[in-house]
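Inspection log for the structure reproduced underneath, given as structure tokens.
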Amino acid sequence: MYAFDFERPSTIADAVKALGQDDAQALAGGQTLIPSLKQRLAMPSKLVSLAGIDEMRGICVDDGGRVCIGGATIHADVAAQEHYPALAALAGNIGDPAVRNRGTIGGSLANNDPSACYPSAALASNATIVTNTREIAADDFFTGLFETALEDGEIITEVKLPVPEKAAYMKFEQPASRFALVGVFVAKHSDGVRVAVTGASNGGVFRWTEAEEALSSNFSADALEGMSADASNMISDVHGSGAYRAHLTGVMARRAVTAAG
């Protein structure tokens with residue numbers, strides 16, 4: 001590690017003010033940032049912890065039936081909530097207990113790791129990401145590998161997720177990290193089906209529109225029989241080729257539909 005200043009504000013306003021100074025960086029659960037600091041991949045002069053902001057923690061249901069989760073809410077609390085079972089199951093299978101008791105939903109979405117689980121849930125659920133300045137639709141939020149629509153000094157304060165009629169998430173895990181080699185979140189809404197894929201594409205999380213069209217007409221695994229995602233832009237690495245990931249996308253999607261019921 002190296003020397004840096006550390007602030008732990010108790011309000012969103014104070015956090016935003018602190019982030020506007022020097023080259024400060026927000027610290028949520030630190031599950032990605034702390035290892036990055038150790039390897040000198042990030043070297044901010046100041047860390048601004050969001051862990052002490054009570055208004056950014058907690059889970060409730062708003063008047064529109066959306067599950068509203070504070071940006072600093074840890075994975076373990078998301079896993080324990082009963083309002084959105086598919087999301088609870090997803091959160092309960094992130095990393096290990098140490099990660100689930102430190103990592104936060106806001107930190108995961110802001111980091112937008114290409115193999116993270118939450119981005120697929122946000123995209124398939126048609127979530128709204130609330131920041132200190134605005135609300136951003138999930139379709140507009142994820143812009144590429146480790147890239148989002150967040151501007152400098154902007155922090156995720158809340159995530160609002162409509163609860164689908166049916167939903168499930170299935171992932172093929174990388175055994176060591178439990179990140180998704182391929183993860184597929186399927187959500188059946190009253191106005192159609194949304195299918196979001198993580199872990200597979202060089203462009204990050206994406207909606208699989210061909211599967212959405214098939215499932216909107218017939219919400220069953222049979223509707224996806226023989227389908228696989230386009231392999232041309234899939235990740236190829238030591239864990240699997242692009243063709244393998246494209247094949248897994250179809251497999252995980254069919255499993256998710258079956259699990260959704």
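The values are calculated or read from the model by the stated rules, or taken from the named source; none is laboratory data. Because the structure is a prediction, the values reported are computed rather than measured. Cβ sites come from the backbone with ideal geometry, for glycine too, and all protein chains shown count toward neighbours.
Among the residues of region 184-191, is any of a type in the set (G, A, S), in a loop (DSSP other than H, G, I, E, B), outside the structural domain of G95 (by TED's automatic domain parsing) and at pLDDT 95 or above? Yes, some residue in region 184-191 is of a type in the set (G, A, S), in a loop (DSSP other than H, G, I, E, B), outside the structural domain of G95 (by TED's automatic domain parsing) and at pLDDT 95 or above. Taken as a whole, region 186-195 holds at least one residue that is in contact (Cβ under 8 Å) with a residue 60 or more places away in the chain, in contact with a helix residue (DSSP H, G or I) (Cβ under 9 Å, 6 or more places away or on another chain), small (G, A, S) and under 24 Å from N93 (Cα atoms).
Can you tell me which residue among A196, A211, A200, A229 is of a type in the set (G, A, S), farther than 22 Å from F146 by Cβ and buried (at least 23 other Cβ atoms within 10 Å of the Cβ)?
Working: A196 fails: farther than 22 Å from F146 by Cβ; A200 fails: farther than 22 Å from F146 by Cβ; A229 fails: farther than 22 Å from F146 by Cβ.
Of the residues listed, the single one that is of a type in the set (G, A, S), farther than 22 Å from F146 by Cβ and buried (at least 23 other Cβ atoms within 10 Å of the Cβ) is A211.
Exactly one residue out of S36, S49 is more than 25 Å from A260 (Cα to Cα), hydroxyl-bearing (S, T, Y), more than 15 Å from the chain's Cα centre (by Cα) and crowded, with 16+ Cβ neighbours inside 10 Å: that is S49.
Condition check: of a type in the set (G, A, S), touching a strand residue (DSSP E or B) at 6+ places or on another chain (Cβ under 6 Å) and not assigned by TED's automatic domain parsing to the domain that holds S120. Does A223 satisfy that? It is false that A223 is of a type in the set (G, A, S), touching a strand residue (DSSP E or B) at 6+ places or on another chain (Cβ under 6 Å) and not assigned by TED's automatic domain parsing to the domain that holds S120.
Somewhere in region 208-231, is a residue under 21 Å from the mean Cα position of the chain (by Cα), closer than 18 Å to S115 by Cα and in a strand (DSSP E or B)? No; the residues of region 208-231 include none that is under 21 Å from the mean Cα position of the chain (by Cα), closer than 18 Å to S115 by Cα and in a strand (DSSP E or B).
For region 103-139, filtered to residues that are over 24 Å from D191 (Cβ atoms) and among the β-branched types (V, I, T), the residue that is surrounded by the most Cβ atoms within 10 Å (Cβ to Cβ) is I105. Does V61 fit the bill of being crowded, with 19+ Cβ neighbours inside 10 Å and either closer than 28 Å to A167 by Cβ or more than 16 Å from the chain's Cα centre (by Cα) (or both)? No.
Filter region 1-44 for residues that are of a type in the set (D, E), at pLDDT 80 or above and not in a strand (DSSP E or B); which is farthest from D113 (Cα to Cα)?
To start, the set of residues in region 1-44 that are of a type in the set (D, E) comprises 5, 7, 14, 22-23.
Retained after the next criterion (residues that are at pLDDT 80 or above): 5, 7, 14, 23.
Restricting the remaining residues to those that are not in a strand (DSSP E or B) gives 14, 23.
Numbers: D14: 27, D23: 22 Å.
Out of the qualifying residues, it is D14.
Determine if region 236-244 includes at least one residue that is polar (S, T, N, Q), farther than 26 Å from A149 by Cβ and outside the structural domain of A138 (by TED's automatic domain parsing). Scanning region 236-244, I find at least one residue that is polar (S, T, N, Q), farther than 26 Å from A149 by Cβ and outside the structural domain of A138 (by TED's automatic domain parsing), so the answer is yes. Residues of region 159-180 that are out of contact with any helix residue (DSSP H, G or I) (no Cβ under 7 Å at 6 or more places or on another chain) and surrounded by 23 or more Cβ atoms within 10 Å (Cβ to Cβ): A180 alone.
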